[in-house]
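Beneath this line is the structure, given in structure tokens, with notes to follow.
The values are calculated or read from the model by the stated rules, or taken from the named source; none is laboratory data. This one's a predicted model, so the numbers in the text were calculated from it and none came from an experiment. Positions of Cβ are generated from backbone atoms using ideal geometry, with glycine treated the same way; all protein chains shown enter the neighbour counts.
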Amino acid sequence: MTAMRPELPREFVASHKRRRMMDAIAELTAEQGYEATKIADIVRRAAVARKTLYDNFDGKEDLFLSAVDATMGEMRVTVEEGCERNDSPEDQVVGGLEALLEFIAEHAAATRMCMVESISATRSSARLYDAGMRDFVDLLRNSALDGTDLPQTIEESLVGGVAWILQQQIRRGEAERVGELLPELSQFVLSPYLGVGKVGETARRK
């Protein structure tokens with residue numbers, strides 16, 4: 001007699017399907033852009049019924065916004081954890097950058113969705129991107145780094161510069177190599193606060 005397979009909890013199945021749909025739209029927008037991605041493409045890639053998509057989301061934009069928001073949240077938590085694993089403010093910044101680069105390399109499609117596609121896909125997704133960048137600005141600003149006599153907009157400039165560099169790497173299809181940028185990005189972010197020589201010492205400790 002064949003043993004019956006245990007039935008998975010309904011909540012687990014529903015959550016898994018939502019995750020598959022969010023992964024599908026991330027992959028598809030990375031491959032062909034938001035505008036070119038259709039509902040039919042998403043349900044085919046996620047292996048779900050069209051009704052399942054509409055039971056969970058209002059449509060393509062709602063699914064896209066949910067996926068962007070979820071990935072931004074995961075990215076922020078990853079960076080915060082990278083900072084918290086270190087003691088000194090300088091090492092926290094480098095640790096946060098290292099965690100960010102590892103996240104991008106491991107989640108290339110989802111990161112492209114957040115850092116490239118969301119900027120121009122819809123007005124709502126552009127607002128989500130801006131909110132995500134403000135979170136990273138606040139994270140840097142709330143660190144214990146002493147920026148005496150630096151412009152009040154220094155954190156916006158640094159976060160914006162890091163984002164631009166990473167966007168170029170992602171657009172070239174080289175997200176898996178972003179880890180190579182850690183020394184350069186560490187120097188870029190820390191130099192205004194510490195000076196170039198001290199930054200070199202901090203980066204070498206990592």
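Computed values, structure above
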| quantity | calculated |
| --- | --- |
| Failed criterion for Phe57 (all others in (1) free of Cβ contacts under 8 Å to residues at least 24 places away in the same chain; (2) touching a helix residue (DSSP H, G or I) at 6+ places or on another chain (Cβ under 8 Å); (3) over 19 Å from Arg134 (Cα atoms) hold) | (1) |
| Enumeration of residues in region 42-76 that are under 29 Å from Leu101 (Cβ atoms) and buried (at least 19 other Cβ atoms within 10 Å of the Cβ) | Ile42, Ala46, Leu63, Phe64, Leu65, Ala67, Val68, Thr71, Met72, Met75 |
| Checklist (1) modelled with pLDDT of 95 or more; (2) farther than 20 Å from Ser118 by Cα applied to Val159, failing item | (2) |
| Subset tally (residues that are in a loop (DSSP other than H, G, I, E, B) and of a type in the set (D, E, K, R)) for region 165-180 | 2 |
| Among the candidates Ala175, Ala126, Ala163, residue that is of a type in the set (Gly, Ala, Ser) and touching a residue at least 60 places away in the same chain (Cβ under 8 Å) | Ala175 |
| Filtered residue count, region 151-162, keeping only those that are exposed (fewer than 14 other Cβ atoms within 10 Å of the Cβ) and farther than 17 Å from Leu100 by Cα | 4 |
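One line per residue, one yes/no per condition, for (1) modelled with pLDDT under 95; (2) buried (at least 16 other Cβ atoms within 10 Å of the Cβ); (3) among the polar types (S, T, N, Q):
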site: Gln167; (1), (2), (3): no, no, yes
site: Val178; (1), (2), (3): no, yes, no
site: Leu181; (1), (2), (3): no, yes, no
site: Leu185; (1), (2), (3): no, yes, no
site: Ser191; (1), (2), (3): yes, no, yes
site: Leu194; (1), (2), (3): yes, yes, no
site: Gly197; (1), (2), (3): yes, no, no
site: Glu201; (1), (2), (3): yes, no, no
site: Lys206; (1), (2), (3): yes, no, no
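Results for (1) crowded, with 17+ Cβ neighbours inside 10 Å; (2) touching an Asp or Glu at 6+ places or on another chain (Cβ under 8 Å), shown as yes or no for each residue.
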site: Leu139; (1), (2): yes, yes
site: Ser143; (1), (2): yes, no
site: Trp164; (1), (2): no, no
site: Ala175; (1), (2): yes, no
